[in-house]
Every structure is written in structure tokens, then in C-alpha cells.
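These notes are about the structure you will find just below.
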């Protein structure tokens, strides 16, 4: 007479199988979170084992029991390695390397293969038969050699996982520690059940592993929902993204906005953004971001810089970079755009550029930048065929100012003279401090006579200019050397400067405070 297991026990294991299937599905929905994929596979293996055992309990004949055991052993063999791989990924933050995965899967795959061919060998079960137990009919057998190999393996891997969790719990914070201890508790129960079963301490030959795993599934469920097993990392990631000042936006392959952080909502025009939709054409950001979206689907990052009026009504400078999101090695699934407010950096760069190109005292171009811009103007003259003029200015007896009034007064005079020289020049004219008390003015598209007239006007203007020094108005004059030429073949900027320098020498020799011209 057959003796089936109680219906409520079969239903209980079926409910546990449904619960773990649900947990597996939940984990797959959070597959982007570290270890969620391995957790889902683990729950599915437990479900397979619990479901198989529930069906086994409802059978009383040897053939059908052995057939369903084949299904059970898929779960039995895979649960320990999947649990270990899950723990490694969860604790370490990255998946286990492929050599370890291959190593821990060798024995389970052999076990599954031997179970599928259990009728043809005695490596696992020797002389299996159905006997009446104290509670229900069970399979009785002599254990084969591979049974013991698998037994040691089934106990060793969970023990390793358990100790990894205990070590990690010691180093974890309160939130993560609760998660780890929950997982450790769920991992320990199958170890305990397996030990009691293999030690013969469970009456009637009942395998406690499915029940222990069922309780583990419940503990995992509590850990998942109460302690937020797969909610902590996304929440932390969201908190981190919202706490940074850089704006972050994610677009899918259709260029529809999928996510953005808090900083991105403060961008000019971001109030028009709609999740799941394309960028609005009227938004001031669209014109800047669209090239990033178009180019960001490539294999490398792409960046642009732009300026826009911020919510504070100030003009801000931004740098935006697009990063392709690779869903497969050969496929881009979307674009992530990082936008950084570089207003302060851009201002510093402008300041550094100004300092590198400007004379600190007078605010005019320094010698290096003056010569560079003069060379550009000279080359433009060569291309256009129009003449270019140069005026070399040296302040007369400037040493006397320093000797009589001090170097501070001399600096004040130089700054004042720079203001005087600026007056009346065109936008295309190039004025700079050549060194000491010498200044140069490059006059593009200017012949010799016009350059002489400009120099004469500035010479008169300077003689009438004064600088307040210690209660008196100090006046200085200057000597002006003028030269102009057409930048034809063979002509150089040095030729222009040498001509102006010779003219300046002539102006000094003639008594200073005047303009001299060299005609070549």
C-alpha cells in the first residue's frame, strides 16, 4: 500500500517554488544592479529544486520518482555554485572572473550529466527502491562514489559563501550589514539541513534541504523587500548623481530622454524636458545637445562647449560630453551626456590668457603677443598686397622721471601714456609695449604718408598729456620712428621694425619730441 506525502506539504513546497520564481523575476528586473543576475539564477535553481521535490512527494513509484529526481538535481547541483557567485559579486562589487566560474561549475555539470543517465550506472544511486517511511514513501538506496563527491561539494561551497558573508559583514555599514546578515542566515540553513540529513539525524529518510531552502527563500524575500537588497545601490547611485553639480542625461537610441539628475533640471531650458520624449525644438539646449546625440552614437566620446543664460540671468559657459552606451560589443544602446558648468574655469583661462598676452603694468599687449600679432598682420599685408606701417615710440628722458620721482611715479606715467596712445587708433591697429619705455603701433593697410600723419597726431597728443604725480601734473614727450612697406617677396617683419628703429634714431638725433620717417 502506497503512502503519499500530505497534500499541504506538497502545496507548501509549490508555494515556495512560486515565491522563488517571483524573486528570480524581480532580480532580473533589477539586472543592472550588481549581483542581481546571479541572485535571479540562484532563486530559479531553488524553485526548480522545491518544485521537483514537491512532485516527488506526490509520487509513489520508483520510475516516476527517478525521472523527477533528474529535474531536482539540476537545482541541487547549481544552487551552491550560483550562491557562491552571487556572494562574490555582491560583496566584491564585480562578477567573479571566468576561470572561477568555470572551476565552480565543473562538478555540478558532471553531477547533472550523471543524474540524467542514472539508469546506466551506479555512481550516484546503487539499487534504489521505494520504501515506506514514517511519514510517506521515500527512495532508499546505497550511495555511490560520485554521491560522496557531490556531498562534499554541496557542503563546502555554501560554507565558503557563509564565511565570505561573515567577513564582509564585519566591514560593512549598518544598512549593508543587515543585508549581508540576512543573506548569511539564508545561506546557513541549507548547510545545517544537509549536515543533519547526511549524518542520519533526520528520521524517515526525509530530505530537509528543500524545506531549508524554502525557509532560505523566505529570508531572502525579507532581505530583498525589507532591507532593500537591490534598492540600496540604485538609491545610492541616484543620491550620488543628484549630489554632484554636473548635469547628467541619458538618451536611448531614438534620442528620447530616459533619465536626468537634479543638476540637469537647473539647466536653461530644462523645464521643457519630458522623460520618454525627444528634446523639445524650442529649448535653447536642443541646438547644443543635438550634435552630441548625433555624434554620441559612435564609438568614442564627443564634446562641445557653449554659453547660455543661467537661471540667475548670468551668462554661463558649459562643456558637454557625449558617451556612447554599449549594450553589446558591436551595438550602441544610447547616449549619456555629461554637462559641466565651466564658467569659473573659462574665466580663469581667459584671465590666464590675458596675463600671458598682456603687459601687467600698462594693460597693452606684451612684447611676445605684440610681435605675434604683428607677424599675422604682416602676412595679411603680403596676401592682400596692401602696405603696412609701423610706429616705434620711445619716451624722452624717461630715466629722469624714475630718478626724480621714483619708480612708482615712473609706473604711473607708463600707465597714463598707454591710455594716451590708445586714443584715436582704429580697431585693426595693434598697440603694445615693446619693452621699458618703448611702444609699437602696427598699422595694417596703411602707407608711409598716412603712418606719418598718425604718428604726428599722437606725438602732439602725448606732448599735451599729463600725469598727476605728487600734487603736480607731470608731462613727458616721445620720439617717433615711422616706416611702412609692402610685404612683397623677401620682405619680413624685421625689415619693417628695422626701418622704424632707424627712423626713431633719427628723431632722437634731431632733438626728440618729433616724428622721423625713413624712406627706402
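The values are calculated or read from the model by the stated rules, or taken from the named source; none is laboratory data. Source: prediction; values computed, not measured. Because the Cβ atoms are built from the backbone with ideal geometry, glycine has one as well, and the counts that use them run over all protein chains shown.
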Report summary line: Checked against (1) in a strand (DSSP E or B); (2) under 33 Å from the mean Cα position of the chain (by Cα), residue 87 satisfies every condition except (1)
Query raised in the report: Condition test on residue 94, is it under 30 Å from residue 37 (Cα atoms), in the same structural domain as residue 181 (by TED's automatic domain parsing) and in a loop (DSSP other than H, G, I, E, B)?
Result: yes
Requested in this report: Say whether the condition of being in contact with a helix residue (DSSP H, G or I) (Cβ under 7 Å, 6 or more places away or on another chain) and part of a helix (DSSP H, G or I) is met by at least one residue in the range 377-394.
Outcome: yes
Query raised in the report: Restricting the range 335-364 to residues that are part of a helix (DSSP H, G or I) and under 23 Å from residue 288 (Cβ atoms), which is modelled with the highest pLDDT?
Result: 343
**Report entry** Within the range 409-520, strands (runs of 3 or more DSSP E) holding 3 or more residues that are in the same structural domain as residue 375 (by TED's automatic domain parsing), without any contact (Cβ under 8 Å) to a residue 60 or more places away in the chain and touching a helix residue (DSSP H, G or I) at 6+ places or on another chain (Cβ under 9 Å)
**Finding:** 438-444
Report task. Report yes if some residue within the range 281-298 is within 17 Å of residue 338 (Cβ to Cβ), loosely packed, with under 15 Cβ neighbours inside 10 Å, at pLDDT below 75 and assigned by TED's automatic domain parsing to the domain that holds residue 337; otherwise report no. Result -> yes
Report summary line: The condition of being closer than 25 Å to residue 167 by Cα and either without any contact (Cβ under 8 Å) to a residue 12 or more places away in the chain or in contact with a helix residue (DSSP H, G or I) (Cβ under 9 Å, 6 or more places away or on another chain) (or both) holds, among 92, 75, 14, 113, only for 92
Requested in this report: Name the one entry in 4, 67 that is on the phi < 0 side of the Ramachandran plot, at pLDDT 85 or above and surrounded by fewer than 18 Cβ atoms within 10 Å (Cβ to Cβ).
Outcome: 67
Requested in this report: Evaluate the following for residue 131: is it assigned to a helix (DSSP H, G or I), modelled with pLDDT of 75 or more and surrounded by fewer than 18 Cβ atoms within 10 Å (Cβ to Cβ)?
Outcome: no
